[in-house]
Amino acid sequence: MTDSGTSSAAAAETVLMISSKNYSSWSLRGWLLVRMSGLPFREQQVDPNDPVARNELLLRSSSIRIPCLIHDGLPIWDTLAIAEYLNEIRPRAGMFPKDRAARARCRSISGEMHSGFEALRSTLPMNLRMRRDHFPLWSAVRADIARIEEIWRECLTVSGGPWLFGEKRSVADVMYAPVCTRFVSYGVKLDPLSAAYCATTLAHPDMLRWAEGAAAETEAFTELEVEF
């Protein structure tokens, strides 16, 4: 168990349960959401060999159980549920855009990431320690990548960047953050605007902090160490 916030009494009341920092894209999303909200918390890392955690890591189940935010004794699981809950209790954090139309689009593309892009998830699993240049990309994966680039370009063109909805990060940026790590891990070539957005995401202090934690992990899952 590691401490990711302050040592105040409030932090002791709020726990975020996560699995592997190296492999778990859902855990990264949950962690980034709580960090964005400003809510003090401590993280509790579940043993990656735990059946629930392992099934999530190996894509045999969705993000139903992990990450899980426990706030004032109330468990909230699934990343979008966590995002909406944090937005309710920390409205000043501005996790969604102020503009109604932008807010609706933010929710739409976040939901698309949450439920879609199956080819990308299964073929390019998150692995922050991996570097594979010239990784072969099948047509279904290329289609997913093209759609993600389309989403990013449209949002950035309208908002002016550097984030999808302007000067401030939103829930949508968190939902797509693990995708940026995948693109680096597997050497995916992006259009200039998408590549710049990806670099901005990966350079954020929260992402750098998470990456440090991932580098310190020793667990390895052969199923996620892609070789072909």
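Within the group M207, M130, M113, M126, which residue is touching a Pro at 6+ places or on another chain (Cβ under 8 Å) and either in a helix (DSSP H, G or I) or at negative phi (or both)?
M126 is the lone residue from the list that is touching a Pro at 6+ places or on another chain (Cβ under 8 Å) and either in a helix (DSSP H, G or I) or at negative phi (or both).
Looking at region 16-55, which of the residues that are at pLDDT below 95 and of a type in the set (V, I, T) is surrounded by the most Cβ atoms within 10 Å (Cβ to Cβ)?
By that ranking, first place goes to I18.
Could you please find all residues in region 153-192 being in a helix (DSSP H, G or I), under 27 Å from K21 (Cα atoms) and among the small types (G, A, S)?
Listed by number, the residues that qualify are A172, A177, S185.
Here are some conditions: (1) of a type in the set (D, E); (2) in contact (Cβ under 8 Å) with a residue 12 or more places away in the chain; (3) under 21 Å from P67 (Cβ atoms). E84 meets all but one. Which one does it not meet?
The number of the failed condition is (2).
Across region 58-102, which residue is farthest from the chain's Cα centre (by Cα) among those that are surrounded by fewer than 16 Cβ atoms within 10 Å (Cβ to Cβ), modelled with pLDDT under 90 and on the phi < 0 side of the Ramachandran plot?
Of everything passing the filter in region 58-102, R60 is farthest from the chain's Cα centre (by Cα).
For region 110-135, enumerate the residues that are under 12 Å from Y176 (Cα atoms) and either in the same structural domain as W26 (by TED's automatic domain parsing) or acidic (D, E) (or both).
E112
The values are calculated or read from the model by the stated rules, or taken from the named source; none is laboratory data. These numbers come from a predicted model, not from an experiment. Cβ atoms come from the backbone with ideal geometry, glycine included; neighbour counts cover every protein chain shown.
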